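Please read the structure below before turning to the comments.
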Amino acid sequence: MNSYSEYIDVKSKDWQSKAINSLSQNGVVILRGIVSELVIDQINNKANKVLSNPSALGRIGFYQKDSYKKTYDGFLLGKEVVESVSDENALDVIEKYLKDKVILNEIFLKNDLGYNIQYFPYHSHTGSDVEGDVNKPFGCAALIYLHDTNEGAFCYALKSHHLKIERGKNNFLSKRQDRKEIEKKMNKIIGKKGDYVIFDERGFHGPEQPVKTSRKVLLFGYQLKKYTNNRSRTGIPIVISDMENLTDRQLDAIGVGGGTRGLYEDYHLRASSDITKKYTVVNTFIKTIIYLDLKLTNIKNFLKKNLKK
């Protein structure tokens, strides 16, 4: 597979017009300098704590529905993520490329564990959940690399966002008759710690797999307000005080005052967990532990009360 590592420094001259041109021409752009190394370190410290333990018995921890990855609601990592995802330099690029105001779709932390298995195929977003002409740019997805990333990096088929699409159809590359031609355009997007990758979601993309190296990223996306009726894809949890430094524009972009198209509990980080065999086993085990703890507490209290007599 070819590699793509051309980045645009946000401190360089005319960086914004170059970024928009890269999105228009190739469908993807790597921005360097939006998120400082200090902020990335702060995010990593919080992410590592979350990823060290599963969410159970009231403990803050990762979600895991399968063996291959760990996830977590991105904004719950704190204000550093909130401010980075809604950075106005990034919003400038996205809104100028899409030519209108946008709303945040989703934001989550993803830790691919590098088990040398392909479990997430290359795909494109064909506008099944938006209104309007899907053969015009309607959304930009994005990711922030939390470490230098080569093996297991995000991949994008350059210029594939120019292909004509039908709403909700042929979104998996493996099912396309022209997949061989598209595969030739697939590039591994190599980036440094803190790089901000923005891409037109209509193009074919996905992580490099199978690989033996783990990967840790923040994944999120913005779509046009007019295509979504100013509604996010799902309910996005956030700590209210983590929004204290945001401008009115940032608050508007992350969906404050807007609606949602899907329920919080139906989001893919959570959906279906209540019907899997694994969940049933874990749920039963936790309930048993809590029940036994209650019984043990009752016995202790009984003995303590009666031994005093």
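Read-outs throughout are calculated quantities, based only on the coordinates presented, and are distinct from any laboratory measurement. Everything quoted here is computed from the prediction, not taken from an experiment. Neighbour counts run over all protein chains shown; Cβ positions are idealised from the backbone, glycine included.
Within the range 100-122, work out how many residues are in contact with a Leu (Cβ under 6 Å, 6 or more places away or on another chain) and either more than 17 Å from Arg233 (Cβ to Cβ) or in a loop (DSSP other than H, G, I, E, B) (or both).
Counting residues in the range 100-122 that are in contact with a Leu (Cβ under 6 Å, 6 or more places away or on another chain) and either more than 17 Å from Arg233 (Cβ to Cβ) or in a loop (DSSP other than H, G, I, E, B) (or both) gives 3.
For the range 75-129, enumerate the residues that are at negative phi and of a type in the set (Gly, Ala, Ser).
Answer for the range 75-129, where residues must be at negative phi and of a type in the set (Gly, Ala, Ser): Ser84, Ser86, Ala90, Ser124, Ser128.
Cβ contacts < 6 Å: first residue surrounded by 13 or more Cβ atoms within 10 Å (Cβ to Cβ), restricted to the range 32-44; second residue in a loop (DSSP other than H, G, I, E, B) and small (Gly, Ala, Ser), any location; separation 6+ or different chain. Result?
Sorted first by the residue in the range 32-44, then by its partner, the pairs are Val35/Gly194; Ile40/Gly194.
Could you pull out the residue among Gly221, Gly206 that is surrounded by 16 or more Cβ atoms within 10 Å (Cβ to Cβ) and farther than 20 Å from Leu98 by Cβ?
Values: Gly221 fails: farther than 20 Å from Leu98 by Cβ.
The match here is Gly206.
Could you tell me how many of the residues in the range 56-100 are surrounded by fewer than 18 Cβ atoms within 10 Å (Cβ to Cβ), more than 16 Å from the chain's Cα centre (by Cα) and over 21 Å from Ile240 (Cβ atoms)?
11
Restrict the check to the range 250-257 and report whether at least one residue is of a type in the set (A, V, I, L, M, F, W, C), assigned to a helix (DSSP H, G or I) and farther than 30 Å from Gly132 by Cβ.
Scanning the range 250-257, I find no residue that is of a type in the set (A, V, I, L, M, F, W, C), assigned to a helix (DSSP H, G or I) and farther than 30 Å from Gly132 by Cβ, so the answer is no.
Would you please name the residue that is nearest to Asn105 (Cα to Cα), looking only at residues in the range 138-180 that are surrounded by fewer than 14 Cβ atoms within 10 Å (Cβ to Cβ) and among the small types (Gly, Ala, Ser)?
The qualifying residue nearest to Asn105 (Cα to Cα) is Gly168.
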